[in-house]
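K.L.:
Have a look at this one.
The values are calculated or read from the model by the stated rules, or taken from the named source; none is laboratory data. Quantities reported herein were computed from a predicted structural model and do not represent experimental measurements. Remember, those area values only see protein heavy atoms, side chains included, never the ligands or the DNA or RNA. Shrake-Rupley method; radii C 1.70, N 1.55, O 1.52, S 1.80 Å.
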Amino acid sequence: MTISLLSYLQPTSPLWNNVLASSAMVVYYKLGIELASFIRLDSHAESIVSRNVLHLSFSSLPLFWRYFDESDGWSWKLSALLPAVVLSRLVYKGAIVRDASDAEVLNVSLSGSPVELLLGPFILAGVFLWLTLYRFMTEEAAIISAVIFSDGLAPLVRSEEHTSEL
């Protein structure tokens, strides 16, 4: 008698499903942060590489949206927690703390200035918060996140003739 693993999996409520999907998003983004830090510290790479790794991991978060269940009417909004937390951390570290030696400042900013967190990264996090709350699971959100993903990927896959000029 064989027992299938699928027989043990029970369907969860929409709330618990969305909590699990949100947790998976957080773990994925945290792994992106760790990878960016590892790249920056271990290989002494330019800050642009670690910044673009974060850019890629953040802009691919809508891939997790398909795991959210909209049937209860509200708990899918848990998907907005991560962009909201990232946005608030950028404001906190860029406007209040202003520590140029902070790992997040070094990973996210190009120049190493904490004030830079309030420019491009702030807009990026704000766009994803808006996309999540007002364009959840729409074609517009997919197009915008694909454009933002390609913006983070482009500097990493530059051509050889361009690399030789640098």
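K.L.:
What's the carbon and sulfur percent of the chain's accessible surface, probe 1.4 angstrom, rounded to a whole number?
P.N.:
66
K.L.:
Still on this structure, I have one more. Would you work out if the range 77-166 is rounded, prolate or oblate? Take a ≥ b ≥ c from the square roots of the eigenvalues of the alpha-carbon gyration tensor; rounded if a/c is under 1.5, else prolate when a/b is larger than b/c, oblate otherwise.
P.N.:
Note, shape of the range 77-166 comes out oblate.
K.L.:
Out of these labelled values of Cα Rg over 2.2 N^0.38 Å, (1) 1.02; (2) 1.09; (3) 1.20, which was calculated from the coordinates shown here?
P.N.:
Recomputing Cα Rg over 2.2 N^0.38 Å here picks out (3).
K.L.:
OK, next. Using a 1.4 Å probe, what is the accessible area per residue for the chain, in Å²? Don't skip to the answer; put the middle values down first.
P.N.:
On the way: 10190 Å² over 166 residues.
So the chain comes to 61 Å² accessible per residue, rounded to a whole number.
K.L.:
When the convex hull of the Cα atoms of the range 47-110 is projected onto a plane and the area is averaged over all directions, what value comes out in nm²?
P.N.:
So the mean shadow area of the Cα hull is 5.0 nm².
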